[in-house]
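A short worksheet on the structure shown next.
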Amino acid sequence: MSTVMTSITECDVTDCAYNKHNSCHTLAITVGGPEECPHCDTYVVGSHNGGIPDTRGGVGACKVSNCAHNAALECSAGRITVGWHMNHPDCKTFQAR
Ligand code: SF4
């Protein structure tokens, strides 16, 4: 299992407090919502900007055990993208087993 954090190369959820110029700027997101949907559980809308400007986001944990890139609830994809799916942000790199 890789011990290098998977990076988020692009996120088009521009109303998230952690998003600047289609990039995620929190150290690590958590992926996985109800019914094993690959939601970004870190998504938040607020009046304040969040995150660290010089930081590119990564995947800290992923609860989507039915993804082919998931091993022991960690992401082994290396890099992912995040984007809208209907009315919520999802990991777009999700691949069903
Ligand atoms: S690629 Fe799969 S394992 Fe990685 S964050 Fe997305 S849903 Fe989770």
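Just so it is clear, none of the values below were taken in a lab; they were calculated from the coordinates. Worth saying up front: this structure is predicted, and the values here are computed from it rather than measured. Here the Cβ is made from the backbone with ideal geometry for all residues, glycine too, and neighbour counts use every protein chain on show.
Students often get this wrong: which residues of segment 33-51 have the backbone nitrogen under 20 Å from the point 7 angstrom along Cα-to-C-beta of ALA68?
Label zone hits: 36-39.
Mean separation of Cα pairs under 8 Å and 6+ residues apart, divided by the residue count of segment 1-94: what relative contact order is that in percent? Spell out each step's value before the answer.
Details: 220 pairs, mean separation 32.1, N = 94.
This gives 34 percent for segment 1-94.
Measure off 7 Å from each Cα along the Cα-to-Cβ vector at HIS21 and VAL44, then give the distance between these two points in nanometres to one decimal.
So the two model labels end up 2.4 nm from each other.
Label point 7 Å out from MET1 along Cα-to-Cβ: which residues of segment 50-80 have amide N under 18 Å?
So the set is 59-79.
Could you tell me the center-to-center distance, by alpha carbons, between segment 77-97 and segment 38-59 in angstrom?
Going from one Cα centre to the other spans 15 Å.
Sequence-distant or interchain residues sharing an amide H contact under 5 Å with CYS75, placed H: which?
Residues meeting the amide H criterion: CYS62.
Check CYS11: other-chain or 5+ apart residues with amide H under 5 Å from its amide H, H built from backbone geometry?
Placed amide hydrogens put SER23, CYS24, VAL82 under 5 Å from CYS11.
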